[in-house]
Amino acid sequence: MIRSGNPALKESTFLDLGSGAVVSRGAGAMTLNGTVNKTGFLLLLSVVTAAFAWSQSVSTVGGETVVTPGIVGYLLGGAIGGLILALVTTFKKEWSPVTAPLYALVEGFFLGAVSAMYEVRFNGIVFQAVVLTFGTLGALLLAYSSGLIKATENFKLGVVAATGGIALIYLATIVLGFFNINIPYIHESGLIGIGFSLFVVVIAALNLVLDFDFIESGVDAGAPKYMEWYGAFGLMVTLVWLYVEFLRLLGKLQSRN
């Protein structure tokens, strides 16, 4: 059984839609190199729109850098648009050659705006978060490739359960926020809040291991070629989550200084 904490990469992802069984497609099958190349392309697209959103979200007033009112549009538009495209891609995997690049472009607006917001408040935080995100990606990829970390069923079950718990907490935070009710401690810069963010970062990072294993399983099973786009999309979802959580963690740490 293939399991992933990433909602975009679930057990039935690599199953043939007609027969319900994995089928081999030879030259038209998913490859690891193809997935890696498409992941890089999606990241490039997101960087382009993120840079644009950043440039439109900050301005200099009296020699001081501040965020502009337009940042709200990039934050909400990117987040909502990214969510819609992610849902479409998840349910219509065969559309991923089109929807995955669109997701990367739209999500870039959100990333650019949220990065600008954190950078204005904590100078240098974005560079730190980027280095930590890709450093974590490289370290876990090396550990997975060398067999140091193995995606056993118990490992997968634990990461999936933890990911689901985090999702419920964030959902509760959003719902309670409409009633001006805040969950104490975990979103603050105290020791409990920092500990919570550190835990979330670890779980997000471990989801990368599950994603590596899931993509490798699809390659071994001879999944259709368009699944390279879908695999790249799923991996990017985790990277976006990891990057944002690093921003949150670093922000809490710097707030204590």
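Measuring against 29 Å, Cα to Cα, the residue pairs Lys92/Lys252; Lys156/Lys225; Lys93/Lys150; Lys93/Lys156 contain Lys92/Lys252 as the ones spanning a longer distance.
Surface composition of the chain: carbon plus sulfur atoms contribute 70% of the solvent-accessible area (1.4 Å probe, protein chains only, all chains present).
Accessible-area rank, largest first, for Met117, Met30: Met117, Met30, with all protein chains present and a 1.4 angstrom probe.
Could you point to the label whose value was computed as mean projected area of the Cα convex hull in nm² for the structure here, given (i) 11.6; (ii) 20.7; (iii) 14.8? Label (iii) holds the value from this structure.
One chain, two ends: Val88 and Leu191. Fully extended at 0.36 nm per residue, the span grows by 33.2 nm beyond their Cα-Cα distance. Each helix, a run of at least 4 DSSP H residues, gives -39500 (n - 2.57); summed and divided by the residues of the chain, these come to -24500 deg cm²/dmol at 222 nm.
Shown here for the stretch 130-179: chymotrypsin sites (Phe, Trp or Tyr not before Pro) in loop regions (DSSP other than H, G, I, E, B) with at most 15 other Cβ atoms within 10 Å, namely Phe178, Phe179. Using the alpha carbons alone, the radius of gyration of the stretch 138-257 stands to its Kirkwood radius in an Rg to Rh ratio of 1.04. The convex hull drawn around the Cα atoms of the stretch 62-172, when projected onto a plane and averaged over every direction, covers 10.0 nm². Applying the criteria of a DSSP loop state and at most 16 other Cβ atoms within 10 Å to the trypsin sites (Lys or Arg not before Pro) of the stretch 170-257 yields Lys225, Arg256. Length gained on full extension, Ala167 to Thr68, computed as 0.36 nm times the residue gap minus the Cα-Cα distance: 32.6 nm. Solvent-accessible surface of the stretch 166-257, taken per residue with a 1.4 Å probe and all protein chains present: 43 Å².
Surface analysis of the stretch 72-117 yields an accessible area of 43 Å² per residue, using protein heavy atoms and a 1.4 Å probe. Restrict the search to the stretch 24-126; then list the trypsin sites (Lys or Arg not before Pro) that DSSP places in a loop and that have at most 13 other Cβ atoms within 10 Å of their Cβ. For trypsin sites (Lys or Arg not before Pro) across the stretch 24-126 that sit outside H, G, I, E and B with at most 13 neighbouring Cβ atoms in 10 Å, the list reads Lys92.
The values are calculated or read from the model by the stated rules, or taken from the named source; none is laboratory data. Nothing here was measured: the structure is a model prediction, and the numbers come from that model. Ideal geometry is used to build each Cβ from the backbone, glycine not excepted, and the neighbour counts take in all protein chains shown. Areas reflect the complete protein model, heavy atoms only, side chains present, ligands, DNA and RNA absent. Shrake-Rupley method; radii C 1.70, N 1.55, O 1.52, S 1.80 Å.
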